[in-house]
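Notes to accompany the following structure.
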Amino acid sequence: MKNIFELIKRHFVFILFGILFIFSAVVLFSSNRYQRAAFLQQSSDWVGSIFEWRDELQRYLRLKEINDQLALENATLRAQMPDNFFVIDTTVLSKNDTLRMQRYAYRNARVINASVNRESNYLTLDRGIVGGIRPNMGVISNGSVVGVVTSVSDHFSVVLPILNSKFQESVKMKGSGDFGLIAWPPGSDPAYADVKDIPKHVQVNIGDTVLTTGFGSHFPNDLLIGYVSQLNDQPEENFHRIKIQLSTDFRKLSYVQVVSDIFKGQQDSLMKQQQEHDGVDDSH
């Protein structure tokens, strides 16, 4: 104990300086929005860099698996090339090119950190503002839904995946076209999710396909989400209890595509004008 007091006495000035420095930093970042925002953004980059270094080692250990996945993705892309399709009526398409305007743009990104076993799971991508990524963009992998971008820094972005209770997206049954909502119970199996709000008069069978509706600006229409694996209906309820097996294997995610809706600004502007118009009408 005596030695401890001697040590404190000998380095009292340095210890006092450290305490005052930490106190000043806490006051600075808690009282000034600009400094707090700058610190948070810088810390996001630091954490992202650490995740990236760790992921480099993991990727080296998984080179064979990653190469197999890239080969599969290349084969999928080649199958979608125009030369693989027979155009029956070229005259209609050649008359007016404006009938085929591109709506969605895609940017590649790599998953450098992911959680699947927590109650609130997130993904980190190695692409951010500099790479054209913005909040609310959809994220897919091999044509299947992964999640939605929630926040970005200059070089990294965070994704809210299906495996998070906050994720909600409208879905539809491929056969009937009836709409529902996908939800993941916190802490449940990362290979499965629930589909809610499908009425019982709609016929649902094991193995049925669940797709995106394209209603929002996150995802195009008819992207794959999963397949019906269980029906746990209750007699007193008016809606199906549907469990689906997700088509995305979140335990093996390495590369994804970030989807941006080119017409989103135009759509949002039109909606805002309509809301303002309705407000004027209500005032009369």
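Contour minus end-to-end for LYS252 and ASN238, with contour as 0.36 nm per residue of separation and end-to-end as the Cα-Cα distance?
Numbers: separation 14, 0.36 × 14 = 5.04 nm, distance 3.68 nm.
Additional length available on full extension: 1.4 nm.
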Linear extension gain, MET101 paired with ARG10, 0.36 nm per residue minus alpha-carbon span: 25.3 nm
Sites ARG62 and GLN266 - FRET efficiency at Förster radius 51 Å, r taken between beta-carbons, to 0.05: 0.75
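Could you sort out which of LYS166/LYS252; LYS200/LYS243; LYS196/LYS243; LYS172/LYS243 sit more than 19 Å apart by Cα distance in this structure?
Numbers: LYS166/LYS252 22 Å; LYS200/LYS243 14 Å; LYS196/LYS243 9 Å; LYS172/LYS243 14 Å.
Distance filter (> 19 Å) returns LYS166/LYS252.
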Kirkwood-based shape ratio for the range 105-262, expressed as Rg/Rh from alpha carbons: 0.99
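Stokes-Einstein D for the range 147-231 at 4 °C, 1.567 mPa s, Kirkwood Rh over Cα pairs, in µm²/s? Before the final figure, lay out the partial values.
Details: Rh = 13.8 Å.
Reported coefficient: 94 µm²/s.
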Amide H contacts under 5 Å for GLY226, placed H, 5+ residues apart: VAL210, SER247
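Since every read-out is calculated from the coordinates, none of them should be taken as a lab result. Note that this is a predicted model, so its numbers are computed, not measured. Note that each Cβ is placed from the backbone with ideal geometry, even for glycine, and that neighbours are counted across all protein chains shown.
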